[in-house]
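Enquirer: Before I ask anything, let me first share the structure, which is written out below as structure tokens.
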Amino acid sequence: MSQQATAIARANIALAKYWGKSDVKLNLPAVASISLTLEPMRTQTTVTFDAKLPDDELVLNGKHTDGKPRMRAIKVLDQVRALAGIGVKARVESANNFPTASGLASSASGFAALVAASWSAAGLARDDDRWSALSRQASASAARSIYGGFVELPRGVPGDAALSARTVAAADHWDVRIVVAVANEGAKDVGSTEGMTLSEQTSPYYRAWVDCSDALVEEVRAGILARDLVKVGEAMEQSTLAMHACMMASRPGLIYLQPATLAALATVKQLRKEGVDVYATMDAGPHVKALCHARDAERVAAALQATPMVLRTLTAFPGPGLEIVS
Ligand code: PMV
């Protein structure tokens, strides 16, 4: 027996951020989040269930990979095998077309593509909501990469295994850009699950972060629907900085920002002074992602490129949801 499918998923960037879990076992977020699915930052994954394979194999960007990434992939494969009633081992070949050091989390597009490809290769019928729920269990931000455009992942009520993301507005709703300013690569980051647990257990600002997130999510959603970049941008920056304040006040402190990050933030502020609608967000890393109108993207990219310590920029636009290509 040999069954194969290939899926393409895009990375996403949170405009209203997720940080903290309400149920660690089911990987449910303690706060709602809203993201933008990013073209052309793609992961393409082929899953082949093959009766001749003695064990599950993972090939990431052309390299056989063991350890934690393989274990996380096997967890997804096991769930799909249980649903499809098959016991056959699989080969997973996954590659990103964006540089891994671009600061755009590849776990979101990676797990979304893995879930969709393994599900399809196992002969199950397409089901975006179930793909999203299954992706969420591996990486909550992956739940958002199943859908295109502007996507919301609601807060999870403990025990809700079926929680999935949903579309707020399609990719063609609003022609915005995300310009990524790649900052200096520093010491290895603390992973998101570990960081979230640390913040929840030790940060005096964790409750305040959770309490302020609902209003920010409302503002981001309303701003997207009204195509109001100032509204989305202001709420996005506050969501980002509130999340980082919560991270930083953990014990030990989680400081993801670096000198290049602050330099890029100053550039964004300067551009605003010059009349450009541009706002910044950062994830669990030093890179700055700037949201702006399509017409301003070149100017924003040039200014960030010229910022001391910024290594390079890349520009993304609203992209489609999960695609099965074979
Ligand atoms: O889904 P994870 O475990 O990779 O966590 C993502 C957390 C942030 O990137 C910091 C914020 C977000 O909403 O994507």
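The values are calculated or read from the model by the stated rules, or taken from the named source; none is laboratory data. Worth saying up front: this structure is predicted, and the values here are computed from it rather than measured. Reconstructed Cβ throughout: ideal geometry from the backbone, glycine too, with neighbour counts over all protein chains shown. Ligands, DNA and RNA are stripped out before the accessible areas are found, and what is left, the full protein with its side chains, is counted by its heavy atoms. Shrake-Rupley method; radii C 1.70, N 1.55, O 1.52, S 1.80 Å.
Enquirer: Can you name every residue in segment 6-24 that is among the hydrophobic types (A, V, I, L, M, F, W, C), open to solvent by 10 Å² or more (accessible area, probe 1.4 Å) and assigned to a strand (DSSP E or B)?
Expert: ILE8 - this is the single residue of segment 6-24 that is among the hydrophobic types (A, V, I, L, M, F, W, C), open to solvent by 10 Å² or more (accessible area, probe 1.4 Å) and assigned to a strand (DSSP E or B).
Enquirer: Find the residue count for segment 116-165, including only residues that are surrounded by fewer than 24 Cβ atoms within 10 Å (Cβ to Cβ), within 15 Å of the ligand (Cβ to nearest atom) and over 15 Å from the mean Cα position of the chain (by Cα).
Expert: Total satisfying the criteria: 2.
Enquirer: Any idea which of ALA14, ALA9, ALA30, ALA73 is at pLDDT 95 or above and over 30 Å from VAL232 (Cα atoms)?
Expert: ALA73
Enquirer: Same structure, new question: Here is a list: ALA284, ALA242, ALA303. Which entry is open to solvent by 10 Å² or more (accessible area, probe 1.4 Å), within 16 Å of the ligand (Cβ to nearest atom), assigned to a helix (DSSP H, G or I) and not basic (Lys, Arg)?
Expert: ALA242
Enquirer: Sort out which residues of segment 245-263 are under 21 Å from ALA181 (Cβ atoms), out of contact with any His (no Cβ under 8 Å at 6 or more places or on another chain) and surrounded by 20 or more Cβ atoms within 10 Å (Cβ to Cβ), and write them in order of number.
Expert: Those that are under 21 Å from ALA181 (Cβ atoms), out of contact with any His (no Cβ under 8 Å at 6 or more places or on another chain) and surrounded by 20 or more Cβ atoms within 10 Å (Cβ to Cβ): MET247, LEU254, ALA260.
Enquirer: If ALA125 passes every condition in (1) under 25 Å from PHE49 (Cα atoms); (2) without any contact (Cβ under 8 Å) to a residue 24 or more places away in the chain; (3) outside any loop (DSSP other than H, G, I, E, B) but one, which one does it miss?
Expert: Going through the list (1) under 25 Å from PHE49 (Cα atoms); (2) without any contact (Cβ under 8 Å) to a residue 24 or more places away in the chain; (3) outside any loop (DSSP other than H, G, I, E, B), ALA125 breaks only (3).
Enquirer: Follow-up. If the Cβ limit is 6 Å and pairs must be 6+ apart or interchain, which residue in segment 208-233 that is farther than 23 Å from ASP172 by Cα pairs with which residue that is β-branched (Val, Ile, Thr)?
Expert: That search, which allows pairs on different chains as well, returns VAL210/VAL31; SER213/VAL31.
Enquirer: Ok, one more. Please determine, by comparing only the residues of segment 185-206 that are surrounded by fewer than 17 Cβ atoms within 10 Å (Cβ to Cβ), within 13 Å of the ligand (Cβ to nearest atom) and modelled with pLDDT of 85 or more, which one is nearest to SER250 (Cα to Cα). Break it down into steps so the answer makes sense when it comes.
Expert: Of all residues in segment 185-206, those surrounded by fewer than 17 Cβ atoms within 10 Å (Cβ to Cβ) come to 185-189, 191, 193-194, 197, 201-202, 204.
Filter again for within 13 Å of the ligand (Cβ to nearest atom), leaving 189, 191, 193-194, 197.
From what is left, the residues that are modelled with pLDDT of 85 or more are 191, 193-194, 197.
Numbers: GLY191: 14, THR193: 14, GLU194: 12, THR197: 10 Å.
The selected residue is THR197.
Enquirer: Hey, can you tell me all the residues within segment 30-74 that are assigned to a helix (DSSP H, G or I) and touching a residue at least 24 places away in the same chain (Cβ under 8 Å)?
Expert: Hits for segment 30-74 are ARG72, ALA73.
Enquirer: Additional query: Which numbered condition trips up SER35, out of (1) hydroxyl-bearing (Ser, Thr, Tyr); (2) within 16 Å of the ligand (Cβ to nearest atom); (3) open to solvent by 30 Å² or more (accessible area, probe 1.4 Å)?
Expert: Failing condition for SER35: (3).
Enquirer: Now, a different point. Inspect all residues belonging to segment 273-280 and state whether any of them is open to solvent by less than 50 Å² (accessible area, probe 1.4 Å) and assigned to a helix (DSSP H, G or I).
Expert: No, because not a single residue in segment 273-280 is open to solvent by less than 50 Å² (accessible area, probe 1.4 Å) and assigned to a helix (DSSP H, G or I).
Enquirer: A follow-up question, please. Residues that are hydrophobic (A, V, I, L, M, F, W, C) and over 30 Å from GLU298 (Cβ atoms): which strands (runs of 3 or more DSSP E) entirely in segment 140-187 hold 1 or more of them?
Expert: Ranges flagged: 150-153.
Enquirer: Could I ask something else about it? Quick one: in segment 38-60, which of the residues that are under 15 Å from the mean Cα position of the chain (by Cα) and open to solvent by 10 Å² or more (accessible area, probe 1.4 Å) is farthest from the ligand (Cβ to nearest atom)? Walk me through how you get there before you give the answer.
Expert: Residues of segment 38-60 that are under 15 Å from the mean Cα position of the chain (by Cα), as a first pass: 38-43.
Among the residues that remain, those that are also open to solvent by 10 Å² or more (accessible area, probe 1.4 Å) are: 39-40, 42.
Details: GLU39: 17, PRO40: 19, ARG42: 17 Å.
Ranking the qualifying residues of segment 38-60, first place goes to PRO40.
Enquirer: I would also like to ask the following. Taking segment 306-316, which residues are within 23 Å of the chain's Cα centre (by Cα), buried (at least 18 other Cβ atoms within 10 Å of the Cβ) and part of a loop (DSSP other than H, G, I, E, B)?
Expert: Within segment 306-316, just VAL310 meets the criteria.
Enquirer: State which residue pairs qualify: first residue among the hydroxyl-bearing types (Ser, Thr, Tyr) and inside segment 315-326, second residue surrounded by 16 or more Cβ atoms within 10 Å (Cβ to Cβ) in any location, beta carbons under 6 Å apart, and separation of 6 or more residues or different chains.
Expert: THR315/ARG177; THR315/VAL179; THR315/ALA297; THR315/ALA301; SER326/THR6
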